[in-house]
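The values are calculated or read from the model by the stated rules, or taken from the named source; none is laboratory data. All figures in this text were calculated on a predicted structure; none of them were measured in a lab. Reconstructed Cβ throughout: ideal geometry from the backbone, glycine too, with neighbour counts over all protein chains shown. For the accessible areas, the whole protein counts, side chains as well, though only heavy atoms, and no ligand, DNA or RNA atoms are used. Shrake-Rupley method; radii C 1.70, N 1.55, O 1.52, S 1.80 Å.
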Amino acid sequence: MTDVRYPFTAIVGMADLRLGLLLNAVSPAVGGVLVRGEKGTAKSTMVRALAGLLPSIDTVPGCRFACDPASPDQQCPDGPHTPAGGDSRPAYLVELPVGVSEDRIVGSLDLERALAEGVKAYEPGLLARAHRGVLYIDEVNLLQDHVVDLLLDAAAMGRSYVEREGVSVRHAARFLLVGTMNPEEGELRPQLLDRFGLTVEIAATREPDERAEVVRRRLAYDADPDGFAARFAAEEQELAERITTARELLPRVELTDVALRQITAVCAAFEVDGLRADIVMARTAVALAAWEGRTEVNEQDVRKAAQLALPHRRRRNPFDAPGLDEEQLDRTLDEHSDGPDEGPEDDGPDGGGPDGDGGGAPEPQGDAPDGSAAAEEPAAEPELPAQAQGGGSKAPVASAGEPYRTRLFKVPGTGKGAQGRRSPAETDGGHTIRARRPQGHLSRLHLSATLQAAAPHQAARGRDSRALVLRKDDFREQVRQGRESNLVLFVVDASGSMAARQRMTAVKGAVLSLLMDAYQRRDKIGMITFRGTGAELALPPTSSVEVGAARLEQLPTGGRTPLAAGLLRAHETLRLERMRDPHRRPLLVVVTDGRATGGKDALAQSGRAAGLLAAQGVASVVLDCESGHVRLGLAHTLAAQLNASAVTLDDLRAEGVAALVHAHRPSPSMRKAA
């Protein structure tokens, strides 16, 4: 593989992403960029290329925290430093892996040496390496929420903190933060979205000529990386110099009262929460002016700042897509303007230039130099068949009712899955329930238990002072109990017995409500539907409740009721997921009236399929959709076969459902499995 990076100026198209990255390079105080888009659109390529454009930095020789020799950090763990000459090196690009631990991010403190020897043995983490450089988080939406929050806190404060049992280390951590995500794999929580300064939506071009240019450049780079980079060397140098010039101009840019009033009016008009959006818009507008070589913010700067800083702050619930009403934006700016625009449209931030942020015809999307496809077509949403495996005319599709709040469904026992808000589990957070010998590196010291373990041996160890004599076997770590996220797998009956439009509307509204609950509790979700002659995995387990809601809305009804097929498909899906993620416990939600057709032994087959799930200790709830004055009670029979509780649609809204769900207790076999 070549070490020659793909040039930033060679990646065509994606004007807003270019501009967002460049503005953060000019002013890291903007707060970073969140890039939302499909795979294969050069997100990673552009971030890596940008790092090569940043000015070199001077560092204190031997300092692991990249302290500036002109103004060293007074709290640097490698300090104190005296102002002096330093070593020059490029700004680092630090990439954060999805499965990264908290200790790997902030660094780790050797508590055993700290207590036994009084030595602060601190190993810096990725935040220290990213200081004065770029921190790149690919698939940021797949990280644990507490990890994302930690990163965003460090980015906002410019400092990282490590606290372990009264021993603390802190160091500067100022970096350009860039996160990328594919919305189909799940959204970030609104409170985390708000912490990113800017957001950019990108998609691959669908124009054949533009896609051809992407392929042409990619092939040229593969054939001769050095020669390809040399073709763009002059433009790269020009862009790097422009970043440096804009940084120098930034302190002299004036944010006028008119521009500030427009910024606050826009934020108020779009009803964004808090004041972070106002501050980010102000910083972005100032950076835009500096980037354009001006010393005063104008209306075009404010408009562009709003387009970059507000869309992701408009989400009100997990099913809302980020966006901005351009007409409302223009009206608000016009109402709070003192006169005509201060400059011609061609002078705005969309003007042409080596940064490629506007001007001329749109350019094609770039390609990643890692060998991935140039600009792939997004995976088409699989269309649900008119009648599952049964042919026939197109089945009716009922709309979903309005979602509402449901009560807590949880998995019995104590798990060890990822942190969430549903079922009890041993987690990194939560309250301490006991102490144990360390399992691996000691990170959560249980001080009192450690002292109790060491106290009986002090005389034998020859203690002759006030200090305790500690050995490795004395140390104990905390075991904490919090809550975990689960895999909530829906098995939804879409057969003819559910086809009454009003009834299916209520059923979809109930499932949509449970999807909302799964989002709030940080769960993964999956959906199996059965109708006609079989069952299908309509939604493989994912963190994206938005996709789940879309699939539910498109779900047609009609045909027979192959209940056994749906339960068997659930059994197989859970088996595969258990292999992929053994610590994530499942919760099965079967949405049915309990009927089973397709043969004289259909009910018996469904009973045997339910027995397989019960034998595996799968925690289940049956949502009984039977209606009318005369009820067969088949859903309750199915619940008994699953060792589950049965809850009616009416009870799902009522307080009475809480008693049913919370009182759900596992059978002896389930307790053994837990």
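List the chymotrypsin sites (Phe, Trp or Tyr not before Pro) within region 399-489 that fall in a DSSP loop (any state other than H, G, I, E or B) and whose Cβ has at most 15 other Cβ atoms within 10 Å. Passing both the DSSP loop test and the Cβ count: 404. A straight chain from residue 533 to residue 256 at 0.36 nm per residue would run longer than the Cα-Cα distance by 92.9 nm. The label point for residue 163 and the one for residue 275, both projected 7 Å from the Cα toward the Cβ, are 2.5 nm apart. Per-atom-type breakdown for region 192-267 gives carbon and sulfur 52% of the accessible area (1.4 Å probe, protein chains only). Principal axis extents of the Cα atoms in region 107-262, from largest to smallest and rounded to whole angstrom, are 66, 50, 36.
Applying 1/(1 + (r/R0)^6) with r as the Cβ-Cβ distance of residue 146 and residue 220 and R0 = 25 angstrom yields a FRET efficiency of 0.05. Extension gain, residue 439 to residue 104, is 118.9 nm, computed as 0.36 nm per intervening residue step minus the present C-alpha separation. Each of 92, 6 has its accessible area taken with a 1.4 Å probe; listed largest first, they run 92, 6.
Shape index of region 143-231: Rg/Rh, with Rg the Cα radius of gyration and Rh the Kirkwood radius from the inverse mean 1/r over Cα pairs, equals 1.17.
Rounded to the nearest whole Hz, the Karplus-based 3J(HN,Hα) values (6.51 cos²θ - 1.76 cosθ + 1.60, θ = phi - 60°) of region 606-618 follow the sequence 5, x, 5, 5, 5, x, 4, 5, 5, 5, 7, x, 6, with x at glycine and proline. Over 15 Å, how big is the tail of the calculated P(r) for region 213-257, in percent of all Cα pairs? Every Cα pair in region 213-257 considered, those over 15 Å come to 62 percent. Packing order of peptides 456-465, 75-84, 189-198, 556-565, highest average first: 556-565, 189-198, 75-84, 456-465 (average count of other Cβ atoms within 10 Å over each peptide's residues). With a ≥ b ≥ c the root eigenvalues of the C-alpha gyration tensor of region 1-145, is it rounded (a/c under 1.5), prolate (a/b larger than b/c) or oblate? Oblate. From the Cα gyration tensor of region 491-535, with a ≥ b ≥ c the square roots of its eigenvalues, which class applies: rounded if a/c is under 1.5, or else prolate if a/b is larger than b/c, or else oblate? Oblate, since a/c reaches 1.5 and b/c is not below a/b. Under the rule a/c < 1.5 gives rounded, and otherwise a/b versus b/c splits prolate from oblate, where does region 427-467 land using the Cα gyration tensor? Verdict is prolate for region 427-467.
A simple spin-label model places pseudo-atoms 7 Å from Cα toward Cβ; at residue 185 and residue 553 they are separated by 2.4 nm. Average projection, convex hull of the Cα set of region 444-497: 6.4 square nanometres.
Gain in length, residue 234 to residue 448, computed as 0.36 nm per residue apart minus the alpha-carbon separation, to one decimal in nm?
70.7 nm
A protection proxy built from the mean count of other Cβ atoms within 10 Å ranks the segments 265-273, 478-486, most packed first, as 478-486, 265-273.
Net charge around residue 192, counting only other residues with Cβ within less than 10 Å of its Cβ (Lys, Arg = +1; Asp, Glu = -1)?
Combined, the nearby Lys, Arg, Asp and Glu give -2.
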